[in-house]
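Colleague: Structure in structure tokens, see below.
What follows draws every value from the coordinates through simple rules; no lab data is involved. These numbers were taken from a predicted model, which means no experiment stands behind them. Here the Cβ is made from the backbone with ideal geometry for all residues, glycine too, and neighbour counts use every protein chain on show.
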Amino acid sequence: MISLYGSEIGSRLLLGTARYPSPAVLEQSVRRSGTEIVTVSLRRETAGGKAGGAFFEMIKSLGVRVLPNTAGCHSASEAVLTARMARELFDTDWIKLEVIGHHDTLQPDVFALVEAARILCADGFKVFPYTTDDLVVAERLLEAGCQVLMPWCAPIGSAIGPVNIMALKAMRAHFPDVPLIVDAGIGRPSHAAMVMELGYDAVLLNTAVAGAGDPAAMAEAFAKAIDAGRGAWLAGLLEPRDLAVPSTPVIGKAVFS
Amino acid sequence: MRLIVNGEEYHLDAATLADAMTKLDFEGGWLVTAVNGELVHRQDRAGHRLTEGDRIEILSPMQGG
């Protein structure tokens with residue numbers, strides 16, 4: 001179980017709902033992943049449009065928690081308004097706070113992120129900030145009132161996997177009691193296992209599942225990898241060493257000559 | 001009255017936000033609204049008077065990562 005703002009969550013996989021080939025495939029993927037939290041967003045409705053309503057009904061039927069995001073926001077004020085609109089629409093005070101600062105890398109604007117986090121935490125939101133692996137920014141987010149951190153491990157949708165293991169390790173070491181969720185950049189189940197082996201609490205995925213040949217099967221593969229990585233972290237991993245160490249004991253070995 | 005709704009210009013005779021939404025066929029419990037950058041709660045739409053040039057955003061749930 002992972003405790004996020006006082007809610008006990010069984011699955012360590014958070015799943016995005018975008019870019020699936022069809023709503024049916026999204027539904028199957030959510031079910032096979034075992035996720036208990038899905039991310040959603042808000043967009044302009046068209047006059048007479050019913051698409052948003054149909055999507056909302058489908059999500060509600062899945063019986064999972066929703067974590068609305070502020071994707072696409074480029075300023076603190078835009079993100080704050082989007083968060084407030086999301087709270088009314090989805091009836092939750094959870095918000096995945098994204099403030100994009102760079103068009104090519106979709107890197108967060110960490111200054112605006114901290115500013116928005118401060119406003120939203122003071123307004124009663126439970127903020128899940130999409131951030132970098134920078135320790136100082138992480139400190140500021142915690143000071144702002146965040147109780148969860150969601151560092152990227154590579155740019156959103158890149159499928160590159162962890163590019164800075166040292167930074168991820170440092171973050172885990174500096175914030176041993178803060179739930180840490182890797183958000184963005186994961187491409188393969190082995191990437192997810194890798195960050196879980198570092199002691200991360202959960203992984204948020206979207207493109208790696210939605211863009212797979214068989215998204216539902218991939219969702220399940222990720223769930224297994226995340227469980228395996230978590231188990232390995234809890235079991236205590238052997239640290240790499242430079243020299244060989246015989247696995248078969250040499251004491252008592254027969255001497256033939 | 002000139003209104004900007006989701007970035008498009010409309011000329012409408014609408015006293016309140018609720019009126020404008022009905023006239024433009026925005027209906028459904030899944031909609032959320034803001035006027036001039038401020039959230040207007042669902043229950044306040046009928047009482048929210050519009051003025052010339054108001055910028056209205058009407059959003060709905062969508063897939064997201």
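Colleague: Just for the range A:60-191, what percent of DSSP beta bridges are antiparallel, to the closest 5?
Modeller: 10
Colleague: Can you tell which of B:GLY37, B:GLY47, B:GLY28 shows the greatest fluctuation in a Gaussian network model of chain B with Cα springs below 10 Å?
Modeller: So, out of B:GLY37, B:GLY47, B:GLY28, the one fluctuating most is B:GLY28.
Colleague: Once phi is turned into ³J(HN,Hα) by the Karplus curve 6.51 cos²θ - 1.76 cosθ + 1.60 with θ = phi - 60°, what whole-Hz value does each residue of the range A:151-168 show in order, with x for glycine and proline?
Modeller: Calculated HN-Hα couplings, in order: x, 6, 10, 5, x, 3, x, 7, 6, 6, x, x, 9, 9, 4, 4, 5, 5 Hz.
Colleague: At what distance in angstrom do the alpha carbon centres of the range A:112-156 and the range A:226-240 lie from each other?
Modeller: Centre-to-centre (Cα) distance: 27 Å.
Colleague: Related question: If you stretched the chain out fully between A:ASP214 and A:GLU239, how much longer would it get, using 0.36 nm times the residue separation minus the C-alpha to C-alpha distance?
Modeller: Contour length minus Cα-Cα distance gives 5.5 nm.
Colleague: May I pose another question? A:GLY48: net charge of surrounding residues, Cβ under 11 Å, Lys/Arg +1, Asp/Glu -1, itself excluded?
Modeller: Taking every other residue near A:GLY48 into account, the sum is -2.
Colleague: What are the lysines whose alpha-carbon lies under 21 Å from the alpha-carbon of B:LYS23, with same-chain residues fewer than 8 places away excluded?
Modeller: Answer for B:LYS23, where 21 Å is the Cα cut-off: A:LYS50, listed by chain and number.
Colleague: Also: With each pseudo-label sitting 7 Å past Cα toward Cβ, what's the A:VAL250-B:ARG55 distance in nm, one decimal?
Modeller: My value for the distance between the label points is 7.5 nm.
Colleague: While we're on this one: Excluding the sites themselves, what is the longest stretch of chain A that contains no trypsin sites (Lys or Arg not before Pro) in a DSSP loop with at most 12 other C-beta atoms within 10 Å?
Modeller: The segment A:1-240 is the longest one with no such site.
Colleague: Find how many whole Å separate the alpha carbon centroid of the range A:20-62 from the alpha carbon centroid of the range B:9-61.
Modeller: 24
Colleague: Then there is this: Under 21 Å between alpha carbons, and skipping anything fewer than 8 positions from A:LYS96 in its own chain: which lysines qualify?
Modeller: The qualifying lysines are A:LYS60, A:LYS126.
Colleague: Starting from the range A:160-257, pick out the chymotrypsin sites (Phe, Trp or Tyr not before Pro) whose DSSP state is loop and whose Cβ has at most 16 other Cβ atoms within 10 Å.
Modeller: Of the chymotrypsin sites (Phe, Trp or Tyr not before Pro), the ones in loops of the range A:160-257 whose Cβ has at most 16 other Cβ atoms within 10 Å are A:PHE256.
Colleague: Which whole number of Å³ per residue matches the convex hull of the alpha-carbon atoms in the protein assembly as shown?
Modeller: 157
Colleague: Shifting gears a bit: Name the chymotrypsin sites (Phe, Trp or Tyr not before Pro) in the range A:10-90 that are in a loop by DSSP and that have at most 12 other C-beta atoms within 10 Å, would you?
Modeller: In loop regions of the range A:10-90 (DSSP not H, G, I, E or B), there are no sparsely surrounded chymotrypsin sites (Phe, Trp or Tyr not before Pro).
Colleague: Turning to a different aspect of this structure: Using a Gaussian network model on chain A with a 10 Å cutoff between Cα atoms, which of A:PRO155, A:PRO108, A:PRO246 fluctuates the most?
Modeller: A:PRO246
Colleague: At a 10 Å Cβ-Cβ cut-off, how would you order A:ILE119, A:ILE165, fewest neighbours first?
Modeller: A:ILE165, A:ILE119
Colleague: Now for a different question. Within a 10 angstrom radius of each residue's Cβ in A:75-86, how many Cβ atoms of other chains show up on average? Whole number is fine.
Modeller: 3
Colleague: Determine, for A:VAL182, A:VAL66, the number of other Cβ atoms within 10 Å of each Cβ, and report the residues in order from fewest to most.
Modeller: Exposure proxy ranking, most exposed first: A:VAL66, A:VAL182.
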